[in-house]
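Undergrad: This is the structure I have questions about; it appears just below.
The values are calculated or read from the model by the stated rules, or taken from the named source; none is laboratory data. Everything numeric here is computed off the predicted structure, so don't read it as measured data. Because the Cβ atoms are built from the backbone with ideal geometry, glycine has one as well, and the counts that use them run over all protein chains shown. These accessible areas exclude ligands, DNA and RNA; they are computed on the full protein's heavy atoms, side chains included. Shrake-Rupley method; radii C 1.70, N 1.55, O 1.52, S 1.80 Å.
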Amino acid sequence: MPVQMPARTAVVAANWKMHKTVGETAAFLDRFLGGIEQLEGVELFICPPFPSLPAAVERCRRSRVLVAAQNMHAEPQGAFTGEVSAPMLTELGVDGVILGHSERRAMFAERDEDLAHKVPAALGAALTPILCIGETESERDADQTQAVLARQISTDLAEVADERLSEVVIAYEPVWAIGTGRNATPEQAAEAIAFIRSQLAARDERAGEAIRIIYGGSVKPGNAAELLSPETIDGALVGGASLQPGDFKEIALAAADSSASPAESSGSGAGGAAGSRS
Ligand code: PGA
């Protein structure tokens, strides 16, 4: 019997990577936070480098913008030089953390087995994990996209209890589209996201319906509206184009418009916040 599910709220996150000093973070937010009323109904995350987190938390405190880190260690403390733990982030007032970004997987040897510990550690510290998964170009060419996604989902989320699965945000980020200016088509993104959702639904029907799955990879103001138009794409993880407040706002606006579209209110949604995706 179909279960009536609450609507999914769109998420748009700015992954600044290793960009912006504390001063630049403050300057960005001073501009960005003015006039975000039109972004009602979209959950917004700013994800700056570690040193800028306190300034971002301070500036965003009286707004609806959330702050996330870009990585963390799975252990709460220990002899792990150069690492930062989930409780340290929570103490700063951080709301979430990007985990498993392809740059960390490729350049810092992060494995699915590491993520299997990190995702529950983040949830345990009340941080929203934004878990990145996606195939490389050669994996897509070899018709391995679904196998890669299935492996990443099953391993990375293995230690998350079914009832907490929907607290995770999954970012489908085809590696070939990241920082290349070559975005996936809305159809490619929607197809991969539908597959991810089906995998999760097979594990837990309720979580499969409720979990937010967003797209990342060369999202720009010029392609955001089209990329975010499929009903099944719940938002975007934005790298390069999130560094300019005006560009990031335009992308978030596209998500707000697409989530407010009347066509969607006929879906599975059960009301929920204004502007929520169904
Ligand atoms: P991009 O990066 O938007 O610059 O392609 C996306 C990401 O790495 O999350």
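Undergrad: So, residue 104, is that one open to solvent by 50 Å² or more (accessible area, probe 1.4 Å), touching a helix residue (DSSP H, G or I) at 6+ places or on another chain (Cβ under 8 Å) and part of a helix (DSSP H, G or I) or not?
TA: It is false that residue 104 is open to solvent by 50 Å² or more (accessible area, probe 1.4 Å), touching a helix residue (DSSP H, G or I) at 6+ places or on another chain (Cβ under 8 Å) and part of a helix (DSSP H, G or I).
Undergrad: Could you list all residues from the stretch 58-71 that are in a helix (DSSP H, G or I) and crowded, with 18+ Cβ neighbours inside 10 Å?
TA: Selection gives 59, 60.
Undergrad: Hey, another quick one. Being in a loop (DSSP other than H, G, I, E, B), open to solvent by 10 Å² or more (accessible area, probe 1.4 Å) and of a type in the set (A, V, I, L, M, F, W, C) is the requirement here; does residue 121 meet it?
TA: Taking the combined requirement at face value, the residue does not satisfy it.
Undergrad: Still on this structure, I have one more. Checking residue 115 against (1) open to solvent by 10 Å² or more (accessible area, probe 1.4 Å); (2) assigned to a helix (DSSP H, G or I): exactly one of these is not met. Which one?
TA: (1)
Undergrad: Say we look at the stretch 90-135 and pick out the residues that are within 16 Å of the ligand (Cβ to nearest atom) and of a type in the set (D, E, K, R); which of these is nearest to residue 192 (Cα to Cα)?
TA: 135
Undergrad: Taking the stretch 77-113 as the region of interest, how many residues are hydrophobic (A, V, I, L, M, F, W, C) and closer than 16 Å to residue 168 by Cα?
TA: Counting residues in the stretch 77-113 that are hydrophobic (A, V, I, L, M, F, W, C) and closer than 16 Å to residue 168 by Cα gives 5.
Undergrad: Collect the residues in the stretch 72-84 that are in contact with a strand residue (DSSP E or B) (Cβ under 7 Å, 6 or more places away or on another chain) and in a loop (DSSP other than H, G, I, E, B), keeping them in residue-number order.
TA: Of everything in the stretch 72-84, those that are in contact with a strand residue (DSSP E or B) (Cβ under 7 Å, 6 or more places away or on another chain) and in a loop (DSSP other than H, G, I, E, B) turn out to be 72, 75, 76, 77, 80, 83, 84.
Undergrad: Follow-up. For the list (1) closer than 25 Å to residue 124 by Cβ; (2) without any contact (Cβ under 8 Å) to a residue 40 or more places away in the chain; (3) not aromatic (Phe, Trp, Tyr), I need the number of the one condition that residue 55 fails.
TA: For residue 55, the failing item is (1).
Undergrad: Of the conditions (1) part of a helix (DSSP H, G or I); (2) within 15 Å of the ligand (Cβ to nearest atom); (3) of a type in the set (A, V, I, L, M), residue 170 satisfies every one except a single condition; which number is it?
TA: Among (1) part of a helix (DSSP H, G or I); (2) within 15 Å of the ligand (Cβ to nearest atom); (3) of a type in the set (A, V, I, L, M), the lone unmet condition for residue 170 is (1).
Undergrad: Within the stretch 160-177, work out how many residues are open to solvent by 30 Å² or more (accessible area, probe 1.4 Å) and within 23 Å of residue 47 (Cβ to Cβ).
TA: Final tally of qualifying residues: 4.
Undergrad: Just to be sure I understand the filter: pairs with C-beta atoms under 7 Å, separated by 6 or more residues or on different chains, first member in the stretch 159-181 and at pLDDT below 95, second member surrounded by fewer than 19 Cβ atoms within 10 Å (Cβ to Cβ). Which pairs pass?
TA: 179/240
Undergrad: Here's another thing I want to ask about it. Tell me whether the stretch 125-138 contains one or more residues that are open to solvent by 40 Å² or more (accessible area, probe 1.4 Å) and over 19 Å from the mean Cα position of the chain (by Cα).
TA: Yes: one or more hits.
Undergrad: For residue 91, all conditions in the list (1) assigned to a helix (DSSP H, G or I); (2) open to solvent by less than 30 Å² (accessible area, probe 1.4 Å) hold save one; what is the number of the exception?
TA: Answer for residue 91: the failing condition is (2).
Undergrad: Name the one entry in 259, 218 that is within 22 Å of residue 191 (Cα to Cα) and touching a residue at least 60 places away in the same chain (Cβ under 8 Å).
TA: Answer to the selection: 259.
Undergrad: How about the stretch 179-269: which helices (runs of 4 or more DSSP H) wholly inside it have at least 2 residues that are open to solvent by less than 40 Å² (accessible area, probe 1.4 Å), within 14 Å of the ligand (Cβ to nearest atom) and among the hydrophobic types (A, V, I, L, M, F, W, C)?
TA: Ranges flagged: 221-227, 245-260.
Undergrad: Would you check which residues across the stretch 10-46 are exposed (fewer than 15 other Cβ atoms within 10 Å of the Cβ) and in contact (Cβ under 8 Å) with a residue 24 or more places away in the chain and list them?
TA: Listed by number, the residues that qualify are 18, 21, 30, 31, 35, 38, 40.
Undergrad: Hey, another quick one. For the stretch 85-98, which residues satisfy the criterion of being in contact with a strand residue (DSSP E or B) (Cβ under 7 Å, 6 or more places away or on another chain) and more than 22 Å from residue 14 (Cβ to Cβ)?
TA: Of everything in the stretch 85-98, just one residue is in contact with a strand residue (DSSP E or B) (Cβ under 7 Å, 6 or more places away or on another chain) and more than 22 Å from residue 14 (Cβ to Cβ), namely 85.
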